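Take a look at this one; I'll ask things after.
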Amino acid sequence: VMDALRRIIGSTGDLKTTSYVVSPDQRNQNGQIVTVGYIVSNSLEVSSTNLDLPGRIIDTGIQAGATTVSGLRFTMRDFTPLRMEALKKASAAARQTAEAIAAGLNMRLGGIVSLEEGFVTRPLGNDRAGGAGVMTPSTPVEAGLVEVRATVTLEADLMR
């Protein structure tokens, strides 16, 4: 499986083992628990920067002997520009809200006492799971969207 996946992803991706478990396969024989063998589970994580490959990666892994495919997700390599833009918008919204509250109290916004930021990125609607079964020529995979969200909590003095 690993060799087949390496051939598919080439230099556009990465392959790493995320879990390797060996468990005894035990059966009850005449009232006694007997180990009849071992079950091995080797979990791999495959990453690729080529968005045309996910379906082929799934198909190749299953055809090479993988029995379970799970946890397909899409993300971005560098969130920094989007993070900065989201923080700018969240900061402007926090200030606008604070100014509206101050105006509603017949006051004005004074100096900022503290700021706190929060930032979230997550794929939207593209988690996929599958397994061995009837194969189509290429497993269809849609990349979907990635949500970038920032929050800013602003604490400011109010002045008369």
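Could you pull out the residue among ASN42, ASN50, ASN30 that is modelled with pLDDT under 95 and loosely packed, with under 10 Cβ neighbours inside 10 Å?
ASN30
Moving on. Assess whether VAL69 counts as being open to solvent by less than 40 Å² (accessible area, probe 1.4 Å), assigned to a strand (DSSP E or B), closer than 30 Å to ARG149 by Cβ and touching a residue at least 40 places away in the same chain (Cβ under 8 Å).
Considered against the rule, which asks whether it is open to solvent by less than 40 Å² (accessible area, probe 1.4 Å), assigned to a strand (DSSP E or B), closer than 30 Å to ARG149 by Cβ and touching a residue at least 40 places away in the same chain (Cβ under 8 Å), VAL69 comes out as yes.
Against the conditions (1) open to solvent by 80 Å² or more (accessible area, probe 1.4 Å); (2) within 21 Å of SER11 (Cα to Cα); (3) among the β-branched types (Val, Ile, Thr); (4) at pLDDT 90 or above, where does THR75 fall short? Just the number, please.
Tallying (1) open to solvent by 80 Å² or more (accessible area, probe 1.4 Å); (2) within 21 Å of SER11 (Cα to Cα); (3) among the β-branched types (Val, Ile, Thr); (4) at pLDDT 90 or above, THR75 fails exactly one: (4).
Within the set of pairs 6 or more residues apart or between chains, which connect a residue that is open to solvent by less than 70 Å² (accessible area, probe 1.4 Å) inside the stretch 78-90 to a residue that is among the polar types (S, T, N, Q) and outside any loop (DSSP other than H, G, I, E, B) with Cβ atoms less than 7 Å apart?
PHE79/THR121; ALA90/THR151
So ASN106 fits all but one of (1) in contact (Cβ under 8 Å) with a residue 60 or more places away in the chain; (2) open to solvent by 80 Å² or more (accessible area, probe 1.4 Å); what number is the exception?
Condition (1) is where ASN106 drops out.
Then there is this: Just one of ASP59, ASP25, ASP14 is among the acidic types (Asp, Glu) and modelled with pLDDT of 95 or more; which is it?
That would be ASP25, the only listed residue that is among the acidic types (Asp, Glu) and modelled with pLDDT of 95 or more.
Given the condition at pLDDT 90 or above, assigned to a helix (DSSP H, G or I) and open to solvent by 50 Å² or more (accessible area, probe 1.4 Å), answer yes or no: does some residue in the stretch 136-155 qualify?
So far as the stretch 136-155 goes, no, none of its residues is at pLDDT 90 or above, assigned to a helix (DSSP H, G or I) and open to solvent by 50 Å² or more (accessible area, probe 1.4 Å).
The values are calculated or read from the model by the stated rules, or taken from the named source; none is laboratory data. Everything numeric in this text was worked out from a predicted model, so none of it was measured. Here Cβ is always computed from backbone atoms with ideal geometry, including for glycine, and neighbour counts include all displayed protein chains. Side chains are part of the model used for accessible areas, which takes the heavy atoms of the whole protein and leaves out ligands, DNA and RNA. Shrake-Rupley method; radii C 1.70, N 1.55, O 1.52, S 1.80 Å.
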